[in-house]
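Participant: Shown below is the structure under consideration.
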Amino acid sequence: MNEERIKILEMLKDGKISVAEAEKLLAALSPGAGGTDEPAASSSKPKYLRVQVEPGPQSESRDRVNIRVPMKLIRAGLKLAAFIPKEARTQVSTALKDKGIEADWENISPEDLEQIVSQLDDLTVDIEGKDKVRVYCE
């Protein structure tokens with residue numbers, strides 16, 4: 001393990017940087033990385049959907065969440081959208097439409113999923129100063 005990686009891991013251990021920041025730094029050190037500030041992503045289809053929750057200063061919980069879901073699992077789960085109640089589909093579609101993402105949950109296809117993922121980019125939501133939620137693909 002090289003010195004840069006060790007320093008990054010020590011900063012993470014000491015709480016000087018977050019898991020997300022350590023991940024970005026380690027990705028920048030990886031061979032072939034462009035050294036960008038963006039989450040790691042290949043030029044092909046993304047392999048994972050990442051959801052991270054960082055507690056804010058007013059958060060009741062100090063728990064951090066770091067979820068990495070394989071896109072293959074999400075693609076396989078598209079058929080499960082048929083089990084979502086119609087009222088919920090309407091609410092989800094409306095919320096996505098407000099963000100500029102059009103989706104028909106009754107007829108969603110793998111191509112639709114790829115379009116949603118490509119428009120997702122790097123979404124960060126600050127929940128009233130309590131928690132910060134970040135969603136992105138890698």
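Participant: Tell me, which residue of the stretch 64-76 that is open to solvent by 80 Å² or more (accessible area, probe 1.4 Å) and modelled with pLDDT under 85 is farthest from K47 (Cα to Cα)?
Facilitator: If we take residues in the stretch 64-76 being open to solvent by 80 Å² or more (accessible area, probe 1.4 Å) and modelled with pLDDT under 85, then L73 is farthest from K47 (Cα to Cα).
Participant: Quickly run through the stretch 102-125 and pick out the residues that are acidic (D, E) and at pLDDT 70 or above. Explain how you work it out, then say what you get.
Facilitator: Narrowing the stretch 102-125 to residues acidic (D, E): 102, 104, 106, 111-112, 114, 121-122.
Listed by number, the residues that qualify are E102, E111, D112, E114.
Participant: Okay, next question. Mind checking whether some residue in the stretch 44-53 is open to solvent by 70 Å² or more (accessible area, probe 1.4 Å), under 30 Å from N2 (Cα atoms) and at pLDDT below 70?
Facilitator: Yes, some residue in the stretch 44-53 is open to solvent by 70 Å² or more (accessible area, probe 1.4 Å), under 30 Å from N2 (Cα atoms) and at pLDDT below 70.
Participant: Among K99, K79, K130, K86, which is the only one that is of a type outside the set (V, I, T), farther than 30 Å from R5 by Cβ, modelled with pLDDT of 75 or more and exposed (fewer than 13 other Cβ atoms within 10 Å of the Cβ)? Before the answer, list the steps.
Facilitator: Numbers: K79 fails: modelled with pLDDT of 75 or more; K130 fails: exposed (fewer than 13 other Cβ atoms within 10 Å of the Cβ); K86 fails: modelled with pLDDT of 75 or more.
On inspection, the qualifying residue turns out to be K99.
Participant: For a quick check of your reading of the model, give me the residue pairs whose first member lies in the stretch 74-97 and is under 13 Å from S109 (Cβ atoms), whose second is at pLDDT below 65 and surrounded by 14 or more Cβ atoms within 10 Å (Cβ to Cβ), with beta-carbon atoms closer than 7 Å and at least 6 apart or on different chains.
Facilitator: Listed by first residue and then by second, the contacts come to A81/W105.
The values are calculated or read from the model by the stated rules, or taken from the named source; none is laboratory data. In this text the structure is predicted, and so the values were computed from the model without any measurement. Please note: Cβ atoms are built from the backbone with ideal geometry, for glycine as well, and neighbour counts cover all protein chains shown. With ligands, DNA and RNA removed, areas are computed over all heavy atoms of the protein, side chains included. Shrake-Rupley method; radii C 1.70, N 1.55, O 1.52, S 1.80 Å.
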